[in-house]
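Novice: What follows is a structure written as structure tokens; I'll ask about it next.
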């Protein structure tokens, strides 16, 4: 109860009343007391008289613990800066990890798409272009040659004596023969030419922009010699044989 009185008295020391207030003592501050509670003046006077000169400051700090300081708080400033830098580094690190994982995922998906396209456009046995890739390359090469006014040729190859090998020695030996034939055809063509396996023992070659008809005759002779050479598979020798010529389709400029 005494602390309450001391608090009220301290407030009066900092907030003196107006001149019309009731004067309780010449040595004490003025304060207002309601006429409805005249006995309160005596209680307050007793509390004020009991305060020593050293108590007002301690009473005020107890009830209103406000501390005012001048100057800049550098330790607090650097602590705030340190926290900002710390959280910024954490955010940047997390973003870098997420971005790296995202790049890896994009790269993985692109590679998967390329692999799927390669499978869809490649003959699984010989690794040559399949019928789908052949159709796309034929259309693209034909359009290119028409725009440039250059030549284009298409060779269709159908092997002889291949079915008896499959029937007698099995598909494994037949597949090995087809792989060897594919390598021989590809070795006689340019990198810009399309070598495709259309199915079974049927192959096709798209010659894009040959120099002239004579260059095609030279390529045809090389292909015939390569295909008529013996094929060696598991201590077996096969002569598939190939006719002395094969059809060339020549979509020359102006030739439908």
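The values are calculated or read from the model by the stated rules, or taken from the named source; none is laboratory data. Quantities reported herein were computed from a predicted structural model and do not represent experimental measurements. Neighbour counts are summed over all protein chains in view; Cβ atoms, including those assigned to glycine, are modelled from backbone coordinates with ideal geometry.
Yes/no matrix, rows are residues, columns are (1) without any contact (Cβ under 8 Å) to a residue 12 or more places away in the chain; (2) outside any helix (DSSP H, G or I); (3) at negative phi:
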position: 80; (1), (2), (3): yes, no, yes
position: 109; (1), (2), (3): yes, no, yes
position: 114; (1), (2), (3): yes, no, yes
position: 117; (1), (2), (3): yes, no, yes
position: 120; (1), (2), (3): no, no, yes
position: 126; (1), (2), (3): no, yes, yes
position: 136; (1), (2), (3): no, no, yes
position: 166; (1), (2), (3): yes, no, yes
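Novice: Filter region 212-232 down to the residues that are part of a loop (DSSP other than H, G, I, E, B) and touching a residue at least 12 places away in the same chain (Cβ under 8 Å) and list them by number.
Specialist: 212, 228, 229
Yes or no, residue by residue, for (1) assigned by TED's automatic domain parsing to the domain that holds residue 239; (2) surrounded by 12 or more Cβ atoms within 10 Å (Cβ to Cβ); (3) farther than 25 Å from residue 237 by Cα:
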position: 172; (1), (2), (3): yes, no, no
position: 187; (1), (2), (3): yes, no, no
position: 201; (1), (2), (3): yes, yes, no
position: 208; (1), (2), (3): yes, yes, yes
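Novice: Now for a separate question. Please go through region 115-131 and pick out each residue that is modelled with pLDDT of 85 or more and over 19 Å from residue 191 (Cα atoms).
Specialist: Of everything in region 115-131, those that are modelled with pLDDT of 85 or more and over 19 Å from residue 191 (Cα atoms) turn out to be 124, 125.
Table: residues versus (1) within 30 Å of residue 213 (Cα to Cα); (2) outside the structural domain of residue 203 (by TED's automatic domain parsing); (3) surrounded by 10 or more Cβ atoms within 10 Å (Cβ to Cβ); (4) at pLDDT below 90.
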position	(1), (2), (3), (4)
81	no, yes, yes, no
85	no, yes, yes, no
88	no, yes, yes, no
99	no, yes, yes, no
102	no, yes, yes, no
145	yes, no, yes, yes
158	yes, no, yes, yes
176	no, no, yes, no
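Novice: Please state which of the following conditions residue 52 fails to meet, knowing it meets all the rest: (1) touching a residue at least 24 places away in the same chain (Cβ under 8 Å); (2) more than 39 Å from the chain's Cα centre (by Cα).
Specialist: Of the numbered conditions (1) touching a residue at least 24 places away in the same chain (Cβ under 8 Å); (2) more than 39 Å from the chain's Cα centre (by Cα), the odd one out for residue 52 is (1).
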